[in-house]
Amino acid sequence: MHEQRLQVRGMTVRRAERRVVDNVDLDVARGQIVSVSGPSGCGKSTLLRGLARLEPASGSVLLDGSDAASIPFADYRRRVSLVFQESPMFEGTVADNIRFGPALRGESLDDERVRDLLRSLSLEPDMAVRDAHELSGGERQRVALARAIANDPDVLLLDEPTSALDPAATDEVLAQIARVAERGLSVVAVLHVEAQARVLSDTRYRMKSGRLELEAA
Amino acid sequence: MSYVEIPWIRLLGAALLVVLAILLSWKQKLGLGVDLVVGAVRAAVQLIAIGFVLVLLFNSEQPWLTLLALFVMMSVAAWTASRRVRHGPGWKALTPRAFVAIGVGFAVALLPVLAWVIPVRPLLSARYAIPIGGMVLATGMNTVTLVLERVFANAHQRGSLIEQALALGATPAQAMAPMQREAVRAAMLPSINALLTLGLVQLPGMMTGQILSGTDPTHAVRYQLVIMYQLVAVAAVAGAIAAWMARRALFDEGARLRTFSPAKKR
């Protein structure tokens, strides 16, 4: 069995009196792909936000065996990176966006690495010089994924990563997610298409009114 | 000093200009009549009252009285700056922050000038500290209002962009840096514009007042220049502190972006 990368115990996210995420336990091993599906409003996106520590949550999270509470927020979020369903682009070019995360730490990505990342998500390498605000929804979604991967995370949290993609692009993106997982990156993906969840993930969960139920392992 | 005194009765005559504005408002159905009456009466009451307070302060020359007056002025400025902010945590939370931002900017812009540039003794001589301090405070107040409103409004409108930066490992300072810069820059523009057009577009109030009261214009312009440099300094310092404080208020202890519901328009 793989070593555990993320261990979540009793995670609860409250909004007003409502438990949007209710006492969730979740283990994600190194290189494992976990999918979460469920009806709209059941708490899937909030679970990802809680895992990224963008939402106040009770319970405990261990990252590579260390208590998440002891890891500085910025470091933790670099290592457990959330890609939103509608990821906004920063000012500048596509390359500027892909370089955003490393630049925060004073690191830079060379042009070839940027082009490789674009290629791996079946985007034209020449797109690197385009204004990021001129991208279509599907292109933006893939650039957002490239931007997260460029940041060298340990865990990737993906909120409906294929929702704006056509079937061909969807296959490419799912293949790329599988490839990065083979290299040891752990993935928790909210997927609304059952078939995608079956093809992509090692373990499937279903979320219902904030509670996580194991569907298949 | 040689100047033409305005008798009270003639001052009342000047109020006819406001009556003219009220008539125009009524004719054009602007609905500003009540505001104009309240504004004109309030301005008269405030200024006449402050005239008597200044006479008291100038005659007593007690530094603690000057300090008290400056403290009251600063408190009103901080409260006014805070209650104009629509997208923030509310005026109660913002007023102490605005007070610190305006207060530090005020101290930086005023004290060295009174100590060395206009070497007035005692340092807090009411005749100098109150009018010059008032101008510095007004600019500090306007800058802080603009910075707070802009930072909070930006965070409200571009919250998803801030969260995106956080999700990639940015600290709140990194995530907010472009918006803070933008807010301080925009708030400083009026002070810079005033500096650039000084003497070409406007003859500022203090210089005009000094000239009217008989001061040699070549001396009056020196005072005005000092004031303009002070205004740029207070805008820069108060603006930067206000932006920093706004950012601190925007994030909780978990470096998560807070959301505030917009306050009613004032």
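The values are calculated or read from the model by the stated rules, or taken from the named source; none is laboratory data. Keep in mind that what you see is a predicted model, and the values were worked out from it rather than measured. Using ideal geometry, Cβ is built from the backbone for each residue, glycine included, and neighbour counts are taken over all protein chains shown.
If only residues of the stretch B:216-247 that are without any contact (Cβ under 8 Å) to a residue 40 or more places away in the chain and surrounded by fewer than 17 Cβ atoms within 10 Å (Cβ to Cβ) are counted, the one that is nearest to the chain's Cα centre (by Cα) is B:TYR229. Restricting attention to the stretch B:150-196, which residues are in contact (Cβ under 8 Å) with a residue 40 or more places away in the chain and closer than 30 Å to B:VAL221 by Cα? Matches in the stretch B:150-196: B:VAL184, B:ALA186, B:ALA187, B:MET188, B:PRO190, B:SER191, B:ILE192. Within the stretch A:109-148, the set of residues being free of Cβ contacts under 8 Å to residues at least 40 places away in the same chain, under 18 Å from the mean Cα position of the chain (by Cα) and not in a helix (DSSP H, G or I) is empty.
From the set of residues in the stretch A:74-106 that are in a loop (DSSP other than H, G, I, E, B) and more than 10 Å from chain B (Cβ to nearest Cβ), which is farthest from A:ARG30 (Cα to Cα)? Within the stretch A:74-106, the match that is farthest from A:ARG30 (Cα to Cα) is A:GLY92. Which of the residues spanning the stretch B:153-169 are at pLDDT 95 or above and either more than 14 Å from every other protein chain (Cβ to nearest Cβ) or closer than 15 Å to B:VAL232 by Cα (or both)? Hits for the stretch B:153-169: nothing passes.
Considering the conditions (1) touching a Gly at 6+ places or on another chain (Cβ under 6 Å); (2) outside any helix (DSSP H, G or I), B:LEU30 is excluded by exactly one of them, (1).
Quick check on the stretch A:79-137: of everything there that is surrounded by fewer than 21 Cβ atoms within 10 Å (Cβ to Cβ) and hydroxyl-bearing (Ser, Thr, Tyr), which residue is modelled with the highest pLDDT? Taking the candidates together, the pick is A:THR93. For the stretch B:190-206, check the following and say yes or no: at least one residue is surrounded by 15 or more Cβ atoms within 10 Å (Cβ to Cβ) and closer than 30 Å to B:HIS156 by Cα. Yes - at least one qualifying residue is present in the stretch B:190-206. Within the stretch A:49-73, the set of residues being touching an Asp or Glu at 6+ places or on another chain (Cβ under 8 Å), within 14 Å of chain B (Cβ to nearest Cβ) and more than 17 Å from A:ARG18 (Cα to Cα) comprises A:LEU54, A:VAL61, A:LEU63. Inside the stretch A:27-48, residues that are assigned to a helix (DSSP H, G or I) and either away from chain B (no Cβ under 14 Å) or among the small types (Gly, Ala, Ser) (or both) make up a count of 3.
A count restricted to the stretch A:153-175 and to residues that are at pLDDT below 90, surrounded by fewer than 20 Cβ atoms within 10 Å (Cβ to Cβ) and not aliphatic (A, V, I, L, M) stands at 6. Of all the listed residues (B:ALA93, B:ALA77), the sole one being under 24 Å from B:ALA187 (Cβ atoms) and either touching a Leu at 6+ places or on another chain (Cβ under 8 Å) or free of Cβ contacts under 8 Å to residues at least 60 places away in the same chain (or both) is B:ALA77. Checked against (1) closer than 30 Å to B:VAL144 by Cα; (2) assigned to a helix (DSSP H, G or I), B:LEU56 passes all but condition (1). Taken together, the residues in the stretch B:87-128 that are farther than 15 Å from B:ALA242 by Cα and outside any helix (DSSP H, G or I) amount to 8.
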